[in-house]
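Student: Can you read through this structure? Questions will come right after.
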Amino acid sequence: MVKVRVWGSLAAATEDRTEVEVDATTLRELLDALAARYPALRPQLDRGVSVAIDGKVYNDSWFQPIREDSEVVLLARLKGG
Amino acid sequence: MALDTKSETRQFTVVGTRPLRPDGIDKVTGRARFGADMTAPGMLIGLVLRSPHAHAKIKRIDTSAAEAIPGVHAVVTRADFPVIGDNDFIADILDNCMAGEKALYDGHAVAAIAASSGAIARKALKLIKVDYEVLPHVTDVDAAMKPGAPVLHEGRANETVPEGMSSNVVARYEFGHGDIGAGLAGADRVLERTYRTEATHQGYIEPHACLAQMGPDGQADLWCCTQGQYMVRDTCAAILGLKQGQLRVTASEIGGGFGGKTTVFLEPVALALARKSGRPVKMVMTRSEVLRATGPTASSSIDIKLGMTKDGRITAGFAELRYQGGAYPGSPVEFGAMSAFAPYDLDHVKTVGWDVVTNRPKQAAYRAPGAPMAAFAVESAIDELAKGFGLDPLEVRLKNAAREGTRASYGVTYPAIGLEATLRRAKDHPHWTAPLGSNQGRGVACGFWFNFGGNTCVSMNIAPDGTVNVIEGNPDIGGSRASMSMMAAEELGISYDQVRTVIADTASLGLNDVTDGSRVTFAVGLATIEAARDAKREMCKRAAMVWGIEEDAVEWKDGAAHPAGPNAGSHPPMTLAEIAAIASNTGGPIAGHYEVNAEGAGVSFATHMVDTEVDPETGAVKILRYTVFQDAGKAVHPAYVEGQFQGGAVQGIGWALNEEYIYGADGTLQNAGFLDYRIPVASDLPMIDTVILEIPNPGHPYGVRGVGETSIVPPLATIANAVSAASGVRMADLPMSPPKVLAAIKGA
Amino acid sequence: MSRIHVTTTINGDPVEYLCDPEETLLDVLRDRLGLTGSKEGCGTGDCGACSVTMNGRLVCSCLVLGAEAEGAQIATIEGMAKGETLHPLQRKFIEHAALQCGICTPGILVAAKSLLERNPDPTEEEARYWLAGNLCRCTGYDKIIRAVMDAAAEMREAS
């Protein structure tokens, strides 16, 4: 199981928990598992998220490996100027 | 994909030097071709008719009189564009380029015309009759959130917005950890204050411009000034129902962007006019159009609660941020809420952000979007509390600074970061202890930005004479061609002047994300290095063929293939030029390439220091001395790194002191020109001193971090803190224009 | 509306053109003569990107009518280098990295050349005030001022 930290406003979609656990070994599995376990997250997942894995930010790389002890943080999709 | 896990600690020969930029001569002789400098045979001139109302229902548009004018070849309105049903993001961009049922702000496009001359187009534009039903409007963020405020759209709020709020509130964001109440209870003093910033424009000197042509077969070509030709291609294709591969977009030289050219305004309209008229159509905005109808950044209203102990430990930080991003959802408030407390190691931190729509132009990204306003509020509050306790503001920041292992307010745990280093350098710098005169004061503040990576492609072609072309897909907005040539030369082991870097059109290279998020030197640099490594592998293979040895018995060093290892035998090295010369005999032309979605950009921190003098008679604030301390990871071309630090600082000075969008009671923009929207000029400023720190980014082979955006984050509070030190008044409303400062001094 | 016939000299070349009475010199340069080195940043004389000299006087070409160029000597950025030899200001701008995007550069070079013709030894403050009519959004002016001061020093030594 991987622990995933979600930002505060998403806690409404995760039964008021800011840290949830899902089974995943890659970024794609993580996002799929979150959507399946917490359907209320889907609107935000559809709008786009970035995921910080051990402090590095990933946007799209489905097959980025995630270890059980990785620090995983869901972020709003980063876009810049 | 994951990239190099650790950067090499290596001695560079090219990286870190200051060679002349390859486009320098074109740009000092007037030869460089920018957006408005292109022409095509048979070209028409396109102009846009814009709403004079802040908010109005468009009941009817009659274009018949305009179309009857000889020389008018096409008129388009929203009716000429397809209906976008399933994609709010694209639908909003289209609606912003050409209004649908309603005009949502002063300057909103409602129709466009293409004619054989500008004079005819201007005359015809006046003959388009638009029947408006004027509606009540709102341009202030706090007013727009009130129940009963005029509503722009119904049904655009997402699921994060509680029931019962104004329909103008479209999203809510919350970040943080800990228990704010408990944290505040542990403070010796709690500061509560509201800060406001006005919208500012990126202020690039080159107005938007493009030249479009399209045939009835759907093949189209577009030349335009943009931060991302692929973004233009994909956005225009989605809006107009074109195939991406049929629309070729070529980026001109770009006369500044700062985020404002990461979307489209004229381009879909020019294509629609070109399609309808069957002729090339050129469109160029006036400065007034740029200010009225392209994206400034958000204005903001921010409540802060900050607790501090008397020895300077921040016990809790809370910020509620309200940003209006103009007439459509998407203000950068989430980044404000994520970055507000990012420089600090806090046990109790919470931010709440509200995205609000108003009758103003759709905001566009502006250099570290959303972060400067949030930093203004937080860094002002820290300064006020520190001063109240008689503490050194740099020491207070050091005491609370985020470090490796700190859990950031937006969730991540930081790897190695450079904030503490910038603070220590600031403290040791002679600027910090230089004497000050009367009415003068010194301020400091910190800033943070995320930095991005993203989709990137680079091709590298080795010419038969051993010279090298780097082909990349991101417009060169501040010297990036020089940086790419330098990294290519470094990796290949050849001299800088053997390499020429060019920017490809959308048909000539795979997808490249827009030039944003300070990503180019990081991500394109990384792809350039990897493309060079690819070319080197091929050249080693060719040398192995010539020598009759195994490929893995050849290594590349100092610009040549060398035999290596016990079984390689003895062969004189083959230089890149020698291998290139026999490429046809060894398998054909030699090229390297690399395609990646680069992840792993390193976050960036800066500390700024300023001395100001406040004139007690007029309220005018003079910048006397300014120093930027920022981590660059590795400065590839230090002169252009300094340039990014200086340019960002001065944009921040303008935001702090002069620049603002001023709306009249009728909701129209009152200062749509460079005379009244006053950006800093040379006589306003001293030299901007820079200190480059180099704390390598582990996600890049040379340790590079993006440097472009962070420099605009600290100046707002840096200057407000200095004004407070100089005059004793705490300015919580930007800009700190002379009348406001004078009123504050008189009222103090 | 009849067009006006104008005979003038641009960068030393004799030039003739027809222009509309309301057409600016900037429009003539860019759209009729193909001299697109002068840029339009505002069209209202506030940004200086269209700076040229007319009979030796620094003007915003967006505030001069094309018809006013009759009989005048106009100098634009295109005439600043002599063949392969860049003007010292042009060279120093590249050496000092005094441009990022480069859109303001032609106007600033024309204005700086005009300054040094009047005052070969300006103070930093004089340079800053002379160039206050030329907006640059990228550089914060630091490297521009350094390039101008360095070019002035080199030109004084050479003369």
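Student: What does the convex hull of the Cα atoms of the range A:1-74 come to per residue, in Å³, rounded to a whole number? Walk me through the numbers on the way to the answer.
Tutor: Working: hull volume 5.5 nm³, N = 74.
About 74 Å³ per residue, rounded to a whole number.
Student: Kirkwood Rh, Cα Rg: Rg to Rh for the range B:647-748?
Tutor: Dividing the radius of gyration by the Kirkwood radius yields 1.08.
Student: Express the relative contact order of the range C:33-143 as a whole percentage, based on alpha carbon pairs under 8 Å and six or more residues apart in sequence.
Tutor: 31 percent
Student: What is the ratio of the Cα radius of gyration of the protein assembly as shown to 2.2 N^0.38 Å, with N the residue count, to two decimals? Walk me through the numbers before you get to the answer.
Tutor: Numbers: Rg = 28.2 Å, N = 988, 2.2 N^0.38 = 30.2 Å.
Compared with the compact-globule rule of thumb, the protein assembly as shown sits at 0.93.
Student: When the Debye formula is applied to the Cα atoms of the range B:567-699, each taken as the same point scatterer, what base-10 log of I(q)/I(0) results at q = 0.14, 0.19, 0.20 Å⁻¹?
Tutor: Treating every Cα as an identical point scatterer, log10 I(q)/I(0) equals -0.88, -1.12, -1.16.
Student: Restricting the calculation to Cα positions, tell me the Rg (one decimal) and the Dmax (whole number) of the range C:4-79 in Å.
Tutor: 10.8, 30
Student: By the 4.7 Å beta carbon criterion, which cysteine residues of chain B come out unpaired?
Tutor: Cysteines of chain B left without a disulfide-compatible partner: B:Cys97, B:Cys225, B:Cys236, B:Cys446, B:Cys457, B:Cys540.
Student: Summing Lys, Arg as +1 and Asp, Glu as -1, what charge do residues with Cβ under 12 Å from the Cβ of B:Asp188 carry, B:Asp188 excluded?
Tutor: Numbers: positive: B:Arg189, B:Lys310, B:Arg313; negative: B:Asp311.
Surrounding charge for B:Asp188 is +2.
Student: Quick one: Cα centre-to-centre distance for the range B:62-131 and the range C:77-108, in angstrom?
Tutor: Centre-to-centre (Cα) distance: 40 Å.
Student: In addition: Across the range B:453-598, what fraction of all alpha-carbon pairs, as a whole percent, falls in each successive 10 Å bin from zero upward?
Tutor: Computed distribution, short to long bins: 13, 42, 29, 14, 3.
Student: Further, regarding this structure: Given labels modelled 7 Å from the Cα in the Cβ direction, how far is it in nm from B:Asp615 to B:Lys57?
Tutor: 5.1 nm
Student: I would also like to ask the following. How large, in Å, is chain B by the Kirkwood hydrodynamic radius built from its alpha-carbon pairs?
Tutor: Details: mean 1/r = 0.0365 Å⁻¹.
Over chain B, the inverse of the mean reciprocal pair distance is 27.4 Å.
Student: Right, here's the next one. Please work out the Cα center distance from the range B:286-362 to the range B:601-640, rounded to the nearest Å.
Tutor: What the calculation gives is 21 Å, centre to centre.
Student: Report relative contact order for chain B in percent, whole number only (criteria: Cα-Cα under 8 Å, sequence separation at least 6). Write out the running numbers ahead of the final one.
Tutor: Values: 1985 pairs, mean separation 119.6, N = 748.
It comes to 16 percent, rounded to a whole number.
Student: Another question about this same structure. Among DSSP beta bridges lying fully in the range C:4-79, give the percent that are antiparallel, nearest 5. Mind showing how you got there, number by number?
Tutor: Details: 14 of 16 bridges.
Antiparallel bridges make up about 90 percent of those DSSP assigns within the range C:4-79.
Student: Roughly how far apart, in whole Å, are the Cα centres of the range B:370-396 and the range B:216-265?
Tutor: Spelled out, the Cα-based centre of one part sits 42 Å from the other.
Student: Write down the percent of antiparallel bridges among all DSSP beta bridges whose residues are both part of the range B:409-501, to the nearest 5. Working shown, then result.
Tutor: Working: 5 of 8 bridges.
Restricted to the range B:409-501, the bridges split so that about 60 percent are antiparallel.
Student: Oh, and also: Which order do B:Trp655, A:Trp62, C:Trp130 take by accessible area at a 1.4 Å probe, largest first?
Tutor: Values: B:Trp655 5, A:Trp62 125, C:Trp130 85 Å².
From most exposed to least exposed: A:Trp62, C:Trp130, B:Trp655.
Student: I'd like the FRET efficiency for B:Glu551 and B:Ser508, computed as 1/(1 + (r/R0)^6) with the beta carbon distance as r and R0 of 25 Å, rounded to 0.05.
Tutor: Efficiency computed from Cβ-Cβ geometry: 0.25.
Student: I've got another one for you. Share of antiparallel DSSP beta bridges in the protein assembly as shown, in percent to the nearest 5? Please report the intermediate quantities before stating the final value.
Tutor: Values: 125 of 158 bridges.
Of all bridge pairs located within the protein assembly as shown, approximately 80 percent are antiparallel.
Student: Along each of the three principal axes of the Cα atoms of the range C:88-158, give the extent in whole Å, ordering the values from largest to smallest.
Tutor: 30, 23, 17
Student: Past the 27 Å Cα-Cα mark, which pairs from B:Lys57/B:Lys362; B:Lys305/B:Lys387; A:Lys56/B:Lys427; B:Lys126/B:Lys282; B:Lys350/B:Lys740? Don't skip to the end; give the middle numbers.
Tutor: On the way: B:Lys57/B:Lys362 18 Å; B:Lys305/B:Lys387 16 Å; A:Lys56/B:Lys427 30 Å; B:Lys126/B:Lys282 19 Å; B:Lys350/B:Lys740 31 Å.
Over 27 Å Cα-Cα: A:Lys56/B:Lys427; B:Lys350/B:Lys740.
Student: How big is D for chain C, in µm² s⁻¹ as a whole number, if Stokes-Einstein is applied with the Kirkwood radius of its Cα pairs at 10 °C and 1.306 mPa s?
Tutor: Values: Rh = 16.0 Å.
Translational diffusion coefficient: 99 µm²/s.
Student: Determine which lysines satisfy two conditions relative to C:Lys82: a Cα distance under 25 Å, and not lying fewer than 8 residues away in the same chain.
Tutor: Cα-Cα hits under 25 Å: B:Lys27, C:Lys39, C:Lys92, C:Lys113, C:Lys143.
Student: Related question: For chain B, with every protein chain kept in place, what is the accessible area per residue (1.4 Å probe, Å²)? Working shown, then result.
Tutor: Details: 24340 Å² over 748 residues.
On a per-residue basis, chain B sits at 33 Å².
Student: Could you tell me the total accessible area buried at the C-B interface, probe 1.4 Å, in square angstrom to the nearest hundred? Before the final figure, lay out the partial values.
Tutor: Details: alone 8420 and 27290 Å², together 31880 Å².
So the total buried area for this chain pair works out to about 3800 Å².
Student: Still on this model: So for B:Thr467, B:Thr627, what's the accessible-area order with a 1.4 Å probe, most first? All intermediate terms of the calculation are to be shown ahead of the outcome.
Tutor: Details: B:Thr467 45, B:Thr627 0 Å².
The ranking, largest first, comes out as B:Thr467, B:Thr627.
Student: If you roll a 1.4 Å probe over the protein assembly as shown with all protein chains in place, what percent of the accessible area is carbon or sulfur?
Tutor: On the way: 17230 of 34520 Å².
That fraction is 50 percent.
The values are calculated or read from the model by the stated rules, or taken from the named source; none is laboratory data. No experiment lies behind these values; they were computed from the predicted model shown. Every residue, glycine as well, gets a Cβ built from its backbone with ideal geometry; the counts of neighbours run over all protein chains shown. For accessibility, only protein heavy atoms count, side chains too; no ligands or nucleic acids. Shrake-Rupley method; radii C 1.70, N 1.55, O 1.52, S 1.80 Å.
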